[in-house]
Each structure stands twice: as structure tokens, then as C-alpha cells.
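Undergrad: One structure, as C-alpha cells, below. Some questions next.
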Amino acid sequence: MSELLRVENIYKTFSSGEETLNILNGVQLSLKAGETISVTGESGSGKSTLLHIMGGLDTTDSGSVNIDGVDITKLDETSLSELRNKKIGFIFQSHYLLEEFDAVENVMLPFLMNNYNKNEARKKAVELLVKVGLGERLHHHPSKMSGGERQRVAIARAFMNEPPLILADEPTGNLDNKNAERVVELLFDLSRERGHALVIVTHSPTIAAMSDLRYVLRGGLLVQED
Amino acid sequence: MRLENFIARRYIRYSGENREISSSAATVVISIAVGIIFYICAVSIMNGYIYGVMQLSFEVKSFHVQYDGSRQENVPLTGSIEKRREAMKGKGYTEMEEIRLHLAADKEVKYSALYRETNAVLQYSGKSTAVAFLRELPEDIFKNDDGFDKAVRLHKGNKNLAFGEIMISSKTAQKLKIDVGDKLFVSFMENDNTTSVRIRKLTVSGIFSCGLSELDEQLAFIGRETGRRMFRELPYSLMLKLHHYDKAAQFCSAYQADGFMALTNWEEENYNELSALRFQRNIIAMIVILVLFVAVLNLLSTIHITVFEKKREIGILRSTGFVPAQITSLFLYLGLYLAILGIIPGVTVGLLLCYNLNGIIAGAGKILSAVNMMIYNIGNLFFESPKPVTIEFFSSDFYLDKLYTSISITEILFITGLTLLFSVSAALFPALKAGYIKPNEVLKNE
Ligand SMILES: Nc1ncnc2c1ncn2[C@@H]1O[C@H](COP(=O)(O)OP(=O)(O)OP(=O)(O)O)[C@@H](O)[C@H]1O
Ligand SMILES: [Mg+2]
């Protein structure tokens with residue numbers, strides 16, 4: 001399988017006041033297309049920061065992030081936005097759905113951004129929502145759905161443009177255990193079935209165990225566990 | 001562009017669900033609407049006032065179009081002195097009648113007549129004097145020119161302009177302390193070249209008023225036959241009334257191209273007054289526009305609040321592919337739609353108010369009078385009070401029996417466009433700020 005993501009020598013420091021925090025100290029990672037990996041680590045170890053850097057939402061001090069052979073740290077804002085739209089699907093701890101739109105419309109948004117064809121987008125969005133088990137909730141607004149349902153809508157939205165890379169930052173952090181399990185299973189099933197690579201940040205060993213490879217972020221370095 | 005538009009419209013539709021945004025958005029919409037209502041009412045009343053004043057003038061004083069027969073446009077540069085002097089006298093009746101017949105053939109012309117006028121001093125029994133333009137008109141002008149007939153309202157006497165009679169305004173009558181049937185002396189000079197003052201004795205046959213005292217004071221009318229007996233070489237001029245008063249300028253320039261250089265229209269004749277009135281109107285409009293400008297500042301804070309409330313949604317839109325410019329345009333659309341939401345009721349209510357202004361004023365007057373009467377009746381139960389006066393918004397001497405209102409589509413489009421421009425400019429600052437929001441900062445796990 002070909003290499004999808006290559007992270008090389010990522011350094012990142014934050015300065016708050018007088019102190020400088022070295023969060024990432026030369027992170028290395030290589031991810032093949034369709035591979036699923038988990039990242040665990042203590043709170044504050046820099047997992048979210050790393051994920052944001054891999055998705056082009058945050059900048060690095062040095063190092064490079066290659067996605068499909070393109071160094072995204074060198075891209076301008078426009079190309080980066082386009083890359084995020086086509087190559088990356090984000091899932092966050094909170095769903096961040098748009099309150100004013102129903103489930104289908106929320107899922108449609110990433111598609112509409114580069115092809116304003118509502119009919120086509122709607123068809124695809126409905127398919128995905130049925131797939132994540134929300135066939136009965138298509139026209140519910142976020143405020144009328146449960147936490148698990150909202151997160152499933154967010155998953156459907158992340159898969160909408162069929163991005164080769166899915167980045168999930170504690171996608172079950174706000175859910176109870178039973179819901180969390182179902183949502184995560186869904187996430188892994190969808191990724192594997194469609195051949196998307198998945199990077200999932202989690203605190204749960206059970207969830208980490210579901211991935212092909214497990215990593216820990218410790219001391220600013222990504223270490224593979226067996 | 002279309003997606004931003006779609007999202008902005010949805011924000012508007014659901015803005016009622018968010019209390020912060022909805023109350024602030026409502027303030028914006030209402031203040032823009034009120035500003036526009038102010039503008040439409042102020043401008044259309046001013047326009048109506050200008051029209052009212054101008055209408056009086058072009059019906060009675062300047063006419064729609066006139067051909068000044070005393071203008072010496074054809075004085076030959078060479079030839080005998082007598083010939084040149086003859087030309088300098090201005091045009092006589094026959095010559096002007098030919099011009100009249102030519103112009104009256106135009107189907108835009110509704111009424112035409114020859115007239116002539118000169119300054120005159122009116123005296124009554126040696127005690128009181130007044131000055132007026134003594135104007136000779138055809139006797140049948142009241143029958144055939146209904147614009148003139150309507151504007152010149154008779155207070156006393158008749159409108160016959162019979163031989164040896166004169167019509168004066170109520171203002172002049174007051175000054176002279178004269179009444180219908182009394183005789184007055186008119187002294188006048190025919191032109192600047194002579195020094196001989198002539199005097200005639202005429203009977204007051206009618207007292208009129210147009211309602212605008214500055215105009216009234218200037219006017220005194222005599223019939224054609226009376227004029228013929230009084231004046232010798234006073235040149236004739238031609239007056240025209242058109243079917244459409246607003247086509248006067250067009251009419252003039254068309255005929256001027258044919259060589260009728262002495263034609264002038266009412267706008268030229270009233271140039272000074274017209275531009276003064278228009279200046280007043282524009283100042284009032286500018287003040288109201290300032291009010292509107294302040295109203296639009298609310299929009300800035302509303303967009304600001306919305307951006308703050310929606311910052312996570314902005315983050316997610318950015319992470320799914322929106323560039324900063326798209327976030328900015330999303331909030332510009334929002335500003336635009338809020339403005340449109342204010343403009344639509346503003347224009348509608350403004351126009352409704354203007355079209356029904358007289359009814360509303362009359363109604364308000366009636367209500368006030370009724371309340372006044374009620375208070376009087378209640379008060380009367382306890383003590384003797386003087387009977388209240390009926391509340392009238394227009395004094396009977398005011399020139400207009402009602403308020404005219406008029407507003408053009410251009411003026412509506414102007415204020416609409418200006419509001420949109422203001423609104424988008426006001427939205428620009430918070431919208432740009434929204435574009436600069438960093439997605440990683442708003443999407444961090446909380
Ligand atoms: N903008 C910032 N400015 C300063 N410090 C920051 C900033 N963002 C993150 N940090 C710090 O960087 C460290 C790593 O943050 P990050 O959110 O990546 O941790 P994390 O591993 O995701 O933690 P958690 O498991 O609690 O989500 C934290 O100590 C945090 O305080
Ligand atoms: Mg985190």
C-alpha cells in the first residue's frame with residue numbers, strides 16, 4: 001500500500017508569558033492509505049496539537065507534513081482549504097454541527113463547498129446518514145438529537161467528500177461508554193469499508209486496541225506500542 | 001458564493017432562536033425601517049411642498065411656457081434707425097398671434113393666450129397705495145384654462161374681467177382697504193424708454209387669492225379690452241399651458257431649435273426659488289440620512305455578536321474547506337439580508353404613510369379634537385371653562401388645501417442603495433474579523 005501521510009521532524013513550542021512549552025519535539029510518523037492508527041497520551045501532551053498540524057489547522061515551528069506527496073506546511077491558505085476539503089475529514093470531541101441546518105444539510109456542507117449541486121449532495125448525504133443509522137433522523141436539527149446521534153452526523157459529514165484521511169480527536173469524549181463504543185465501531189467500520197486512513201486520538205485503551213497500530217505521545221515524541 | 005448565501009439566509013431565518021442575536025437583529029431591522037420611513041416621508045413632503053409652490057407659480061404666474069414678446073432678439077444690426085427702433089419695441093399683437101397659432105398647433109399645448117404686463121401703482125382715494133404687476137389677459141381665461149381658474153380662488157365679486165374693471169388679490173385689497181365695487185387709480189409706465197406716467201381709473205370687480213401671499217401681492221388682472229384702451233405700445237407675450245407641465249423644458253428646447261429663442265419654461269422662470277427649495281429638501285434629506293447611518297451602526301454590533309456566537313461554526317466551516325474570504329462574505333451577506341429586512345417594511349410603510357398622509361393628518365386632527373372636546377365636557381361638569389377651538393392642522397389661508405407628497409422611483413432606489421452600501425460597509429469590519437478566526441483556536445477540546 002502506498003504512503004498517504006508522512007510527518008517528519010515536527011517541532012512545536014507554545015509560549016505563555018515567560019515560559020516556553022516544548023510540546024512536540026521532532027515527531028515522526030508514516031501512515032499508509034487505508035491504515036488506522038490510534039494516538040494516546042496524557043492530557044496536555046499535545047495530541048490535539050499534533051492532529052491539528054496534520055490537518056493543516058495549526059502551524060509548525062519546523063518539520064514537514066506530506067499528504068499524498070504535498071508538503072502542506074508550505075501551502076497558502078487557499079490551497080490548504082482546498083486540501084482540507086478534499087483530502088481530510090475532521091471529527092472533534094464536540095460535534096460542531098450548524099444549529100440552523102438539519103442532519104442532511106449539515107452532512108451536505110463539505111460537498112457543496114466545491115460543487116454546489118444540492119440534489120447530488122442530498123443523495124449522498126442521505127446514503128451516509130442511513131449508513132450511520134440515522135435514516136429516521138434525516139431532518140432533525142442538532143438540538144433535537146441525542147449526543148450520540150449528533151456525533152454520528154459529524155462522522156457522516158467527515159466522510160462526505162470521501163477524504164483519504166480521517167482525523168478524529170477524542171470523538172467519543174462527550175459520550176457515555178455504551179454510546180462511545182457504538183460510535184467508534186461505526187467509525188472504524190466505515191474507514192475500513194471505504195479504505196480511508198484513520199488517525200484517532202483517544203484516552204481509552206479499548207478504542208486504541210481497535211486500530212491497526214497504536215502510538216503514544218510522550219515527551220513530545222510519538223512512540224509505537226505493541 | 002452560493003453556499004455562503006445559503007448559510008447566511010439560514011442564519012437569518014433561524015435568528016429568532018438565539019436570544020442575543022434576535023434582539024439585536026430586531027433592533028437593526030426596526031431602526032433601518034424607521035430611518036427609511038423618515039426619509040421617504042421627509043423627502044416626499046418636501047417634494048410635495050416644492051410641487052405645490054411651483055404649481056401655483058406655473059398655473060398663475062410664470063405659466064408652463066412663455067414666449068417673451070419684449071425680448072429683442074431680431075433687432076437688425078444694420079438698416080435704418082427707424083427700422084431698428086421699431087424692432088426694439090417688441091412684438092405687437094398680430095406678430096405674436098402668428099407665433100401663438102404656430103405653437104398652439106402642437107398637440108402637447110392645452111391652452112394658449114397672449115398677455116402683457118407692466119408694473120403699476122394702485123391707489124385708493126389718495127390714502128393708500130400698493131404695487132403690482134398689472135397683467136392683461138383674455139377675458140375668457142377663467143373658462144378655458146382650468147389650471148388658472150382653480151389656482152385663482154375668488155373671495156368676492158366675479159371673474160368676468162369686464163371692460164374698465166380690475167381684479168386684485170385679497171392681500172392688496174387689505175392693504176388698500178378697498179372692496180368690490182370701489183374705484184381705484186392705476187399709474188403705470190409702458191416701458192423704460194418713456195418717462196411719461198399714465199393714470200387710469202378702474203373698478204374693482206373681484207378679490208382673489210392663490211394662497212401664497214408672496215405671489216398674491218404681485219398680481220392684478222385686467223381684461224383684454226381694458227388693456228387695449230390703457231396701453232399703447234406695450235409688447236405682447238405668449239403663455240402656454242401644456243398637457244404635462246413636466247414636459248415644458250423638452251417643449252422649449254424643441255422649438256428653440258426651430259428659432260423660437262424667446263421661449264422659456266417655468267423651471268427657468270422660477271430658477272432661484274426652485275433651487276432654494278431643492279437645497280432645503282436636500283439638507284433635510286441629508287439629516288435623515290445621518291439618522292439612517294446611526295441606525296446602521298447597530299448592524300455592526302449585531303454582526304459582531306453573531307460572529308462571536310458562531311465562532312465554533314466558523315471553525316468547522318474553515319476546517320471543512322472554507323477560505324477566510326468565504327467566511328467574510330458569509331457575514332457580509334448576513335449584513336445585506338438584515339438591511340433588506342429593514343428596507344422592505346421601511347419602503348412599504350413609508351409609501352403607505354405618504355399616500356395616506358392627508359387622511360392620517362385629518363384623522364389625527366379629528367382624534368385630537370374629540371379628546372379636546374371630551375376634556376372640555378368633563379371639565380365643564382366641575383367648573384365653567386371656555387369652549388375649545390377645533391384643532392386644524394392647516395389654516396384656511398394656507399395655500400394648500402392638503403399636503404402634497406411625491407417621491408420618485410429614483411429617490412427610493414437612491415435611499416435603498418445607500419442603505420445597502422452603508423450596511424455592507426458596517427458589516428465589513430466584523431466580517432473581516434470573522435475571516436481571521438483561527439480554526440485550531442476555536443476547535444480545541446474544551
Ligand atoms: N494556543 C496555545 N497557547 C499556549 N499553550 C497552548 C496553546 N494550545 C495548547 N497549548 C498547550 O499545549 C499543550 C498541549 O495541548 P493539547 O490540546 O494538544 O493537549 P492534548 O494532548 O490534546 O490534551 P487533552 O488530552 O487534554 O485534550 C497543553 O499544555 C496546552 O496548555
Ligand atoms: Mg486534546
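The values are calculated or read from the model by the stated rules, or taken from the named source; none is laboratory data. Keep in mind that what you see is a predicted model, and the values were worked out from it rather than measured. All Cβ positions, glycine included, derive from the backbone under ideal geometry; neighbour counts span all protein chains shown. The protein model used for the area step is the full one, side chains on, heavy atoms only, and it has no ligands, DNA or RNA in it. Shrake-Rupley method; radii C 1.70, N 1.55, O 1.52, S 1.80 Å.
Undergrad: Identify, from the list B:THR203, B:THR129, the residue that is in contact with a helix residue (DSSP H, G or I) (Cβ under 9 Å, 6 or more places away or on another chain), open to solvent by 10 Å² or more (accessible area, probe 1.4 Å), in the same structural domain as B:TYR111 (by TED's automatic domain parsing) and free of Cβ contacts under 8 Å to residues at least 60 places away in the same chain.
TA: B:THR129
Undergrad: Could you say which residue among A:VAL153, A:VAL183 is of a type in the set (Val, Ile, Thr), more than 14 Å from every other protein chain (Cβ to nearest Cβ), away from ligand 1 (no atom under 16 Å from the Cβ) and over 13 Å from the mean Cα position of the chain (by Cα)?
TA: Just one listed residue meets the conditions, A:VAL183.
Undergrad: Just checking: which of the strands (runs of 3 or more DSSP E) contained wholly in region B:98-193 hold 3 or more residues that are touching a Lys or Arg at 6+ places or on another chain (Cβ under 9 Å)?
TA: Passing ranges, in order: B:109-124, B:128-137, B:183-188.
Undergrad: What residue, among those in region A:59-79 that are in contact with a Leu (Cβ under 9 Å, 6 or more places away or on another chain) and open to solvent by less than 50 Å² (accessible area, probe 1.4 Å), is farthest from B:ILE316 (Cα to Cα)?
TA: The selected residue is A:GLY63.
Undergrad: Oh, and also: Could you say whether any residue in region A:87-94 is open to solvent by less than 10 Å² (accessible area, probe 1.4 Å), within 16 Å of ligand 2 (Cβ to nearest atom) and not small (Gly, Ala, Ser)?
TA: For region A:87-94, residues open to solvent by less than 10 Å² (accessible area, probe 1.4 Å), within 16 Å of ligand 2 (Cβ to nearest atom) and not small (Gly, Ala, Ser): present.
Undergrad: Let me ask something else about it. Test of understanding: among A:LEU217, A:LEU198, which residue is more than 16 Å from ligand 1 (Cβ to nearest atom) and touching a residue at least 40 places away in the same chain (Cβ under 8 Å)?
TA: The conditions single out A:LEU198.
Undergrad: Filter region B:4-15 for residues that are over 42 Å from the mean Cα position of the chain (by Cα) and more than 8 Å from chain A (Cβ to nearest Cβ) and give the result.
TA: If the condition is that a residue be over 42 Å from the mean Cα position of the chain (by Cα) and more than 8 Å from chain A (Cβ to nearest Cβ), then B:GLU4 is the only one that fits.
Undergrad: Looking at region B:294-323 only, could you name the residues that are more than 49 Å from the chain's Cα centre (by Cα) and part of a helix (DSSP H, G or I)?
TA: Once the filter is applied, which keeps residues that are more than 49 Å from the chain's Cα centre (by Cα) and part of a helix (DSSP H, G or I), region B:294-323 yields B:LYS311, B:ARG312, B:GLU313, B:ILE314, B:GLY315, B:ILE316, B:LEU317, B:ARG318, B:SER319.
Undergrad: If I filter region A:1-30 down to residues being surrounded by fewer than 16 Cβ atoms within 10 Å (Cβ to Cβ) and within 8 Å of ligand 1 (Cβ to nearest atom), which single residue comes out as nearest to the other protein chains (Cβ to nearest Cβ)?
TA: Once the filter is applied, the top-ranked residue is A:PHE14.
Undergrad: Let me ask another. Go through (1) away from chain A (no Cβ under 12 Å); (2) surrounded by fewer than 21 Cβ atoms within 10 Å (Cβ to Cβ); (3) modelled with pLDDT of 90 or more; (4) in contact with a helix residue (DSSP H, G or I) (Cβ under 7 Å, 6 or more places away or on another chain) one by one and return the number of the condition B:LEU297 breaks.
TA: (3)
Undergrad: Name the single residue that is nearest to the chain's Cα centre (by Cα) among those in region B:218-262 being open to solvent by less than 70 Å² (accessible area, probe 1.4 Å) and of a type in the set (D, E, K, R).
TA: Of everything passing the filter in region B:218-262, B:LYS241 is nearest to the chain's Cα centre (by Cα).
Undergrad: Can you tell which of A:GLU162, A:GLU170 is within 27 Å of A:LEU83 (Cα to Cα) and away from ligand 1 (no atom under 16 Å from the Cβ)?
TA: On inspection, the qualifying residue turns out to be A:GLU162.
Undergrad: For residues that are surrounded by fewer than 23 Cβ atoms within 10 Å (Cβ to Cβ) and among the basic types (Lys, Arg), scanning just region B:311-354, find the one that is farthest from the other protein chains (Cβ to nearest Cβ).
TA: Checking each candidate, the answer is B:LYS311.
Undergrad: What do you reckon, is B:LEU400 within 16 Å of ligand 2 (Cβ to nearest atom), open to solvent by less than 40 Å² (accessible area, probe 1.4 Å) and at pLDDT below 95?
TA: No.
Undergrad: Still on this structure, I have one more. Select from region A:31-55 the residues that are away from ligand 2 (no atom under 12 Å from the Cβ), open to solvent by less than 10 Å² (accessible area, probe 1.4 Å) and either more than 11 Å from every other protein chain (Cβ to nearest Cβ) or more than 16 Å from A:PRO171 (Cβ to Cβ) (or both) and list them in ascending order.
TA: Across region A:31-55, the qualifying residues are A:LEU31, A:THR36, A:ILE37, A:SER38, A:ILE53, A:MET54.
Undergrad: Name the residue that is nearest to A:THR20 (Cα to Cα), counting only residues in region A:31-48 that are more than 16 Å from ligand 1 (Cβ to nearest atom) and not basic (Lys, Arg).
TA: A:LEU31
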